[in-house]
Amino acid sequence: MKTFAMIPARYAATRFPGKLMQVIGDKTIIRHTYENTVGTRLFDEVIVVTDSQIIFEEIIHNGGYAVMSHEQHESGSDRIAEAVKDMEVDIILNVQGDEPFVNKESLQQLLAVFYGQEGKKVHVASLMKIINDNQTINNPNCVKVVVDKNMNSLFFSRSVIPHLRNTEGSAVHYQHIGVYAFRKNALMNFTGWKVTPLEEAEKIECLRYLENGIPLKMVLSSYDGIAIDTPEDLERAKKFYSTL
């Protein structure tokens, strides 16, 4: 199967405009994300898809592969779909541009679910990790996910899910990591659907799949990176980077 990693990169982020051009160490966030993804050697192509000439030039001038999107998009998946609609590719992995510490192990785990007999049933997959601290669990910038016994997603929310009415229960809190993989036909179907009510309410694009009857296969990962959603996240990322 031909596999591409696509990195949607919007400059005017709502919560932290221009965040992808902020610098960690000696590189911008988007460049860290791009180069770490290329460095995994898992993909036939790694491509940044952006609406920003600034981001486009940042990648191109540093030897990378970037394309400009021409339409206005509500989500990163929509932006990627525009770029790949005429490309010959089977599996597309969406790496969020604000995940500068993405690593090979987690991406390899994600791609693996598409292979074998069981893999034929998978249309969309994503990563999650266990949350152990209450501050993160209660943070609305942290998207939580609950899954069934087969690790298929049941719901995503910025609210605390599950709510532990029974504090002696064994339920686990999982944080959704913003890395997706999908078969090309699943992605193209996604772009043909209207934004759904829950997606609009939560501002979580993968809810569009759930509201159209497509579960995400969730992969439990030990990935411990930092998504840059706020200036505070950037400061945490700088401290984390200094320890590497």
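Rounded if a/c is under 1.5, else prolate if a/b is larger than b/c, else oblate: which is the stretch 106-220, with a ≥ b ≥ c the root eigenvalues of its Cα gyration tensor?
In terms of gyration-tensor shape, oblate.
Looking at the chain as a GNM with Cα springs under 10 Å, which of 163, 123, 70 has the largest mean-square fluctuation?
Maximum among the listed residues: 163.
If one puts a single equal scatterer on every Cα of the stretch 54-143 and applies the Debye formula without solvent, what log₁₀ I(q)/I(0) results at q = 0.13, 0.19, 0.20 Å⁻¹?
Listed by q, the Debye log ratios stand at -0.66, -1.21, -1.26.
Dipole size in debye (nearest 20) for the stretch 3-242 around its Cα centre, Lys and Arg Cβ +1, Asp and Glu Cβ -1?
500
Less than 17 Å apart at the alpha-carbon level, and either on another chain or at least 8 residues along: which aspartates and glutamates does that give for residue 239?
Qualifying aspartates and glutamates at Cα under 17 Å: 26, 98, 99, 224, 229.
Give the separation of the Cα centroids, the stretch 148-192 to the stretch 25-42, in Å.
Spelled out, the Cα-based centre of one part sits 26 Å from the other.
Please identify the GluC sites (Glu not before Pro) of the stretch 119-219 that satisfy two criteria: DSSP loop assignment and at most 16 other Cβ atoms within 10 Å. Which are they?
168
Exactly which GluC sites (Glu not before Pro) in the stretch 85-130 are in a DSSP loop and have at most 10 other Cβ atoms within 10 Å? Kindly include the intermediate steps, with their values, before the conclusion.
On the way: sites: 88, 105, 118; in loops: 88.
Sparse-neighbourhood loop GluC sites (Glu not before Pro): 88.
If we count every other residue with Cβ under 12 angstrom of residue 130's Cβ, Lys/Arg +1 and Asp/Glu -1, where does the sum land?
Working: positive: 129, 144; negative: 133, 224.
Spelling it out: positives minus negatives among the neighbours equals 0.
Check the straight Cα-Cα distances from residue 85 and name the lysines below 25 Å, setting aside those fewer than 8 residues away within the same chain.
Candidates past the 8-residue exclusion: 2, 120, 121, 184, 194, 203, 217.
Tell me the net charge near residue 217. Cut-off is 11 Å between Cβ atoms, residue 217 excluded, with +1 for each Lys or Arg and -1 for each Asp or Glu.
Cβ neighbours under 11 Å give a net charge of -1.
P(r) for the chain, please, calculated from all Cα pair distances in 10 Å bins and given in %.
Taking every Cα pair in the chain, the percentages come to 7, 32, 39, 18, 3, 0.
To make sure I understand, if each residue's beta carbon is the centre and we count other beta carbons within 10 Å, what order do 206, 142 fall in, fewest to most?
Values: 206 25, 142 17.
In order of increasing Cβ crowding within 10 Å: 142, 206.
What does the charge count around residue 65 come to, taking other residues whose C-beta lies under 14 Å from its C-beta (Lys +1, Arg +1, Asp -1, Glu -1)? Mind dumping the intermediate values first?
Values: positive: 31; negative: 35, 44, 45, 57, 58.
Overall, the nearby charge balance is -4.
Which of these, 31, 41, 183, has the largest mean-square fluctuation under a Gaussian network model of the chain (Cα springs below 10 Å)?
Checking each option, the largest mean-square fluctuation is seen for 41.
Within the stretch 148-225, report the chymotrypsin sites (Phe, Trp or Tyr not before Pro) that DSSP leaves as loop and that have at most 14 other Cβ atoms within 10 Å.
Numbers: sites: 155, 156, 174, 180, 182, 190, 193, 209, 223; in loops: 193, 223.
Sparse-neighbourhood loop chymotrypsin sites (Phe, Trp or Tyr not before Pro): 193.
Using a Gaussian network for the chain with springs between C-alpha atoms less than 10 Å apart, which of these wobbles most: 75, 170, 221?
Sorting by GNM fluctuation, first place goes to 170.
Laboratory data are not the source of any read-out in this text; all were calculated from the coordinates shown. None of the values given here were measured: they were computed from a predicted structure. Backbone-built Cβ (ideal geometry, glycine too); neighbour counts: all protein chains shown.
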